[in-house]
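Worksheet: the structure to be examined is printed underneath.
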Amino acid sequence: LFLIKCFLALLGGSFLAGCIQTRAAREFIRIEINADGSVIQIEVPSGSTVDKALDQAGLKLTALDRVEPPAYSLLRDGTTIRLIRVTETFEIEQVIIPFEQQTLRNESLPVDKEVLVQKGKNGVQEITYRRVYEDGIPISIQPIPVKSVTIEEPQPEIRMIGVQTPFTPIEIPG
């Protein structure tokens, strides 16, 4: 008799738990999604997350996209979800690296005599910039440099200037 009562209590408890779960599963909440320049109103089961609501609306997130509130947040009736599309572009700019001028003093050349030893040549550097956009609007005024590569090293201009003074005989007494 005791076992039969326990069995009936267990059976009745599981029946009630099933009814409560079924009732909760039938409750829906209305939410609003602002995405891609439009507003979408949908109904989702209560207890849904932002991520599930976006899936139900057919909206796919890219790796850079952001959502407010975060994707793992539980939704309440009347919640507004904002999907922010984030894109990035990369621009490459070539910059001239000016050559240096080097002057060497040479005692074997007469004073103020100048000789060009090596002609100078400018170098070239490529700088890659990253621009980030949220919903098509740039979020930074200045692009962010992410990579710099020297394509061609500059060659310095080398000049020799004479410093030799004419010898004048000096008399040595004795």
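Listing for the model above:
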| read-out | value |
| --- | --- |
| Selection from region 125-148 of residues that are touching a Lys or Arg at 6+ places or on another chain (Cβ under 6 Å), more than 24 Å from ALA35 (Cβ to Cβ) and modelled with pLDDT of 90 or more | THR128, VAL146 |
| Hits in region 54-109 (condition: of a type in the set (A, V, I, L, M, F, W, C), part of a loop (DSSP other than H, G, I, E, B), within 18 Å of the chain's Cα centre (by Cα) and surrounded by 10 or more Cβ atoms within 10 Å (Cβ to Cβ)) | LEU61, LEU64 |
| Hey, GLU157 surrounded by 14 or more Cβ atoms within 10 Å (Cβ to Cβ), more than 24 Å from the chain's Cα centre (by Cα) and either under 22 Å from ASP65 (Cα atoms) or at pLDDT 90 or above (or both) or not | yes |
| PRO98, sole failed condition from (1) touching a Gly at 6+ places or on another chain (Cβ under 7 Å); (2) under 30 Å from GLU153 (Cβ atoms) | (1) |
| Extreme residue, nearest to GLY120 (Cα to Cα), among residues of region 138-154 that are among the charged types (D, E, K, R) and open to solvent by 90 Å² or more (accessible area, probe 1.4 Å) | GLU153 |
| Region 110-137 - residue that is assigned to a loop (DSSP other than H, G, I, E, B) and not β-branched (Val, Ile, Thr) and, of those, least open to solvent (accessible area, probe 1.4 Å) | GLY120 |
| Selection from region 14-53 of residues that are β-branched (Val, Ile, Thr) and either surrounded by 11 or more Cβ atoms within 10 Å (Cβ to Cβ) or at pLDDT 90 or above (or both) | ILE29, ILE31, ILE33, VAL39, ILE40, ILE42, VAL44, THR49, VAL50 |
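The values are calculated or read from the model by the stated rules, or taken from the named source; none is laboratory data. Just so we're clear, the structure is a prediction, and the values are computed from it rather than from any experiment. All Cβ positions, glycine included, derive from the backbone under ideal geometry; neighbour counts span all protein chains shown. Side chains are part of the model used for accessible areas, which takes the heavy atoms of the whole protein and leaves out ligands, DNA and RNA. Shrake-Rupley method; radii C 1.70, N 1.55, O 1.52, S 1.80 Å.
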